[in-house]
């Protein structure tokens, strides 16, 4: 996903975690929504430790999952739980009482109880952060695959362009030179045909072209090949049905000629 989409997804999840349940309960039990119960110190601390957990989760799993280092998943989860717990403790049990005279747990709560009680909440945020990372990675992988497929198609088109033998171009120029030297009335038409052929080769970038466009290119190619022979070479062609607008890949018929 793009950077804007990533920011938006994190913002929506954080909003739902911080205020979503409170808003649902307020509507459910017909409770008033006031600035006092919507913007407490705990709400801001929750934004900080949830965002920090999501970003750390993303950074850790970016180093583990693409490289298939699955043995590091459990240590990463432990690190995330400790980060969540320590960050929340500093924000709500150290800084909040100092600046706002407000804390989330009762004074005297043991560290062991605090860690065990927060492990569950940490796992919820870790799960959400993992889902956000996997969604982002999946979308990015699809974009990379689409870009790779586009490059492959461009490489295939470039390969088809190279099917024109350079000797054909040199021979055609020599033939046109002979026509010009002999002041043949066929010379201007041959120059125009070569120009149209080269324009099609150099500037046709679409993945699909109408069959008529490809067919016109083949006619120029055959006409230029005819210049090599003193007598007209018979070329049999037959077209059936409503074929002109059929979409095909450009340069598809080059190898047959």
Checklist entry - Hey, with R₀ at 45 Å, roughly what FRET efficiency would residue 67 and residue 177 work out to, going by the Cβ-Cβ distance, to 0.05? => result 0.15
Checklist entry - Where does helix 73-89 land angle-wise versus the long Cα axis of the chain, in degrees 0 to 90, nearest 10? => result 50
Checklist outcome for this item: Applying the gyration tensor rule to the Cα atoms of the range 3-143 (axes a ≥ b ≥ c; rounded if a/c under 1.5, else prolate if a/b exceeds b/c, else oblate), the class is oblate
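Which of the peptides 174-182, 75-83 is most tightly packed, and how do the rest follow, judged by the mean count of other Cβ atoms within 10 Å per residue?
Ranking, from highest mean packing down: 75-83, 174-182.
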Next on the checklist: Taking just the alpha-carbon atoms of the chain, what radius of gyration and Dmax come out, in angstrom?
Outcome noted: 34.9, 108
Checklist entry - Where does the chain land at 222 nm, in deg cm²/dmol rounded to the nearest 500, when only DSSP H runs of n ≥ 4 count, each adding -39500 (n - 2.57), divided by all residues? => result -22500 deg cm²/dmol
Checklist outcome for this item: Ranked on Cβ counts within 10 Å of their own Cβ, fewest leading, 18, 233 go 233, 18
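Readers should treat all values here as calculations from the given coordinates under stated rules, not as data from a laboratory. The shown structure was predicted, so the numbers you read here are calculated from the model rather than taken from an experiment. All Cβ positions, even for glycine, are placed from backbone atoms using ideal geometry, and neighbour counts span all protein chains on display.
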